[in-house]
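To start, the structure under review is shown below, and the notes come after it.
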Amino acid sequence: MEIHQSAVILLLLLAASFTANGQPDDIKPRYQKFLNQHLGPHVSEHACDKEIRKRDTLPLERQMAAKKVNTFIQANKNYIKVVCGRNGGTPQGNNQFKSNKPFPVVTCKLKSGQRHPNCQYRGKKSTRYIVLGCDQEWPVHYEEGIINV
C-alpha cells in the first residue's frame, strides 16, 4: 500500500493543531483562564481573599477594581469538562450546558472594599448544578450555579 506524501503532510498538520490532550490551540487560552478563575478542588470558603488575590482573576485593565463575585468549583478539571459533553451536561442553548449532577462550589462575594488590595470576600459553600459556556466540548465560561433542578 502506497502512502501519498500529501496525505502524510495533512495528517501531520492535523496532529500539530491539537495539544497532547486533544485540545484545539484556539481554545487553550480561554480554557486556561476558566481553570484559573473557577477550578478550586481544595478552595475553602475561608480562603476567598487569598485565592482571588493569588489568581489575579480580573483583566489587566480592571485589576484595581474588586470582582463582585467569583465561584470556585470543588472538583477536578476532568469532572468539570464532562459537563460540556453529551453524557455530563444538558444543552441550554448558546453553547451553554447545565451539569446533570450537582457540584460542590465555593461562592466568594465581595463584602467590603472596592479597590485592590482592600477587597474582602465572604465565602459560602454549597452544592449546585453548574451552567458552563463551552467551546468544542471544553469549558470556557462559568455562567451560573443553580440550586434546584
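The values are calculated or read from the model by the stated rules, or taken from the named source; none is laboratory data. The model shown is predicted, which means the values in this text are computed figures rather than measured ones. Note: areas computed on protein heavy atoms with side chains; ligands, DNA, RNA excluded. Shrake-Rupley method; radii C 1.70, N 1.55, O 1.52, S 1.80 Å.
Here are the numbers for this structure:
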| quantity | calculated |
| --- | --- |
| Among the listed pairs Lys54/Lys77; Lys54/Lys98; Lys28/Lys109; Lys77/Lys111; Lys33/Lys101; Lys54/Lys124, those beyond 26 Å (Cα-Cα) | Lys54/Lys98; Lys28/Lys109; Lys77/Lys111 |
| Using θ = phi - 60° and Karplus 6.51 cos²θ - 1.76 cosθ + 1.60, couplings along the range 24-32 (whole Hz; Gly, Pro as x) | x, 4, 6, 8, 3, x, 6, 5, 5 |
| Backbone HN-Hα couplings from phi across the range 33-39 [Karplus 6.51/-1.76/1.60, Hz, Gly and Pro as x] | 5, 4, 4, 4, 7, 10, 7 |
| Computed accessible area, Ser99, all protein chains, 1.4 angstrom probe, square angstrom | 0 Å² |
| Sequence of Thr127, Thr71 when ordered by accessible area, the most exposed leading, probe 1.4 angstrom | Thr127, Thr71 |
| Table column - 3J(HN,Hα) (Hz), the range 134-143, Karplus curve with 6.51, -1.76, 1.60, x for Gly and Pro | 10, 9, 6, 6, 10, x, 10, 7, 8, 8 |
| Built amide H within the under 5 Å cut-off of Val140, gap 5+ | Gly133, Cys134, Asp135 |
| Gain in span if fully extended, Gln32 to Glu144, counting 0.36 nm per residue against the direct Cα distance | 38.5 nm |
